[in-house]
Every structure is written in C-alpha cells, then in structure tokens.
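I have placed the structure first, in the form of structure tokens, so that the comments after it can refer back to it.
Every read-out reported here was derived from the displayed coordinates using simple, explicitly stated rules and does not represent laboratory data. Small disclaimer: the values here were computed from a predicted structure and weren't measured. Here Cβ is always computed from backbone atoms with ideal geometry, including for glycine, and neighbour counts include all displayed protein chains.
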Amino acid sequence: MAALRPLVKPKIVKKRTKKFIRHQSDRYVKIKGNWRKPRGIDNRVQRRFKGQILMPNIGYGSNKKTKHMLPSGFWKFLVHAEIAHNVSKSHCRKSSTAGHQNHQSQCQASQRRK
C-alpha cells in the first residue's frame, strides 16, 4: 500500500527556531527562562540595544499558508466524533483520546473488578 502524501506541499520556512529567553534569566537562578516582556523604561532589551537578547515581534511569524503545518505537509486537527475519522488528502487526524491510555486502562481495570 502506498503512503499517503499531501496534495500540495509548500516549503515551510521557519524564521527563527531558537527560543526567546527572558532578560537576565541566564544570570539569576530565581528567574526562569520563559519569555516575559521587559517593562522598564531603562531596559536595554526593550530599547533594542545592539548585542542584547531579541524580543519576539510580528516579523518572526510564520507564513499563513504554512502555519500549523507538519513537516510531512499535512495539517493537524483534533477529532472528537467517531464518524469524522476518515482519511483526508490534506489533513491528518489526531484522536481526542490520544494520550489517555493510562486513564482508559484504569477504567477498564475498575470495571473488571466489579
């Protein structure tokens, strides 16, 4: 059986793959690396001085046509209904129960005990 391929596969361009880190998170342990916008009026990052860490802005956004596209060329979407589990040429399905195997096995085990 032949593997499914998308109808069209445009080239996905990632403008930045590195994560944006919080200002001075490398200097202090108590400051986590998750991005926070610097609010101070004298902050070097907010004033965009040369040599400082970069702030995220709209220019780093993805192309509308390739946003949320997987490397295979398909788009990921969540399926709740059993009827909608058909195979598409442009989308790949992600079942709404994916990742709940542990919960399901616990439910089945409790039903067996009864």
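Brief remarks on what is shown
- Annotation: extensible slack from Ile58 through Lys18 equals 12.8 nm (criterion: 0.36 nm per residue apart, minus Cα-Cα distance).
- Cross-link pairs beyond the 29 Å C-alpha cut-off, checked among Lys9/Lys32; Lys37/Lys67; Lys18/Lys65; Lys11/Lys32; Lys19/Lys64; Lys19/Lys76: Lys9/Lys32; Lys11/Lys32
- Computed E for Arg36/Lys76 - FRET, C-beta separation, R0 30 angstrom, nearest 0.05: 0.60
- Using alpha carbons only, the radius of gyration of segment 17-61 set against its Kirkwood radius gives Rg/Rh = 0.95.
- Each other residue within a Cβ distance under 14 Å of Arg39 adds +1 if Lys or Arg and -1 if Asp or Glu, for a net charge of +4.
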